[in-house]
1. Filter the stretch 49-60 down to residues that are at pLDDT below 95, surrounded by fewer than 21 Cβ atoms within 10 Å (Cβ to Cβ) and among the hydroxyl-bearing types (Ser, Thr, Tyr), then give me how many there are.
2. Name the single residue, out of those in the stretch 16-30 being in contact with a Leu (Cβ under 9 Å, 6 or more places away or on another chain) and more than 17 Å from Arg198 (Cα to Cα), that is surrounded by the fewest Cβ atoms within 10 Å (Cβ to Cβ).
3. Please go through the stretch 247-270 and pick out each residue that is crowded, with 21+ Cβ neighbours inside 10 Å and out of contact with any strand residue (DSSP E or B) (no Cβ under 7 Å at 6 or more places or on another chain).
4. When both residues are 6+ apart or on different chains and their Cβ atoms are under 6 Å apart, which pairs have a first residue that lies in the stretch 207-224 and is within 18 Å of Glu179 (Cβ to Cβ), and a second that is at pLDDT 95 or above and among the basic types (Lys, Arg)?
5. Among the residues of the stretch 77-89, are any small (Gly, Ala, Ser) and either modelled with pLDDT of 95 or more or buried (at least 21 other Cβ atoms within 10 Å of the Cβ) (or both)?
6. Would you check if Asn208 is among the polar types (S, T, N, Q) and part of a strand (DSSP E or B)?
7. Out of the stretch 225-246, which residues are out of contact with any Ser or Thr (no Cβ under 9 Å at 6 or more places or on another chain) and crowded, with 18+ Cβ neighbours inside 10 Å?
8. I'd like the full set of residues that are over 22 Å from the mean Cα position of the chain (by Cα) and either part of a loop (DSSP other than H, G, I, E, B) or modelled with pLDDT under 95 (or both), limited to the stretch 184-202.
Amino acid sequence: MADHHGGRHTAVPQLDERTSFFAVFDGHGGKAVAKFCAKHLHMQFLRSAAYCSGDLASSARKAFLRMDEMMKGQRGWRELAELGEKGPKFAGVLESIIWSPKAGDAEKLGDGWHSEEGPHSDFSGPTCGSTACVAIIRNDQLVVANAGDSRCVISRKGQARDLSRDHKPELQSEKERIENAGGYIVAGRVNGSLNLTRAIGDMEMKENKLLPAEKQTVSAEPEVNTVTLSEDDEFIVLACDGIWDCMSSQQVVDFVREKLKTEDSLSAVCEKVLDRCLAPESGGEGCDNMTMILVVLKKPTELAATSSSEQSPVMPTKSAAATSSSEQSAVTNEEMRPSEPDAPKTPTSSK
């Protein structure tokens, strides 16, 4: 049976005047869920009451779980059908980047998501799914939320530090949740099918009505990691497993760091990483689809020597994304430059 993959991303360098939002989504069984997340997840994050109160971690958790809820019923069915194989190829990505209202506007948006009636009102959600790895930057705070085997890595003085954990069946805590929910693991796959343990979608593995969403066989609940950024932090890479299967976290950091010394275009750096991972034969490493976002926290000229002067505000100086797929040999990439925020405040370290 052929498996159709779909890598998507969302990059909103200024979600509001203090916050940047970056995400990669790696679909399995189809592209629709990855596209749905690229279109809607950052909006649900933005409109959360937790976001307005400054609780970015709780807002991220709620946004991930909300995706599964939104994909049910007539409205969910219709959206997924429109975003599926016959829909506009990059509709979800383009809408997510172009339509990114400020927090105040989001509060004015009525939900009414499940009020739509139709022949698919009892739709229980998609059988395909997607990973989701999100990085949110507000001043000197970095929040990473992850469900699945996409990964977020930060370069700290040239040393790679994983900010997320790959959710695989061999993890004991994941195995216990799966078995407690009535699932099983065969040949390293959940219920003999899925080779990861957390994902958005995959609703046929979330049918235990006695358990909450976070305790289902496959859970959309993200693991959230919050760190305080410092002048030692250079750049962040978010990428799907198509890249991490070919290169280790440290290899990616070393490769990107070296290219940044001579390459001004971040899109070009992303493309070179993808080229490094591409394999000529579909059966070898590099045959998986690949999606990558590179977020530079300090100017490339500063990577070689970090100034010991007073720390400046930590805001992304530049970001870029690139995608590639085994279904199409071409590499698409785009570069996004955030505009300068008005009079940014110097961040203070949390204690």
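The values are calculated or read from the model by the stated rules, or taken from the named source; none is laboratory data. None of the values given here were measured: they were computed from a predicted structure. Glycine also receives a Cβ, built like all others from the backbone with ideal geometry; neighbour counts cover every protein chain displayed.
1. Adding up the residues that qualify gives 1.
2. Asp16
3. Passing the criteria: only Leu260.
4. Partner pairs satisfying both residue conditions: Gln216/Lys206; Ser219/Arg198.
5. no
6. no
7. The answer is Leu229, Cys246.
8. Across the stretch 184-202, the qualifying residues are Tyr184, Ala187, Gly188, Asn191, Gly192, Ser193.
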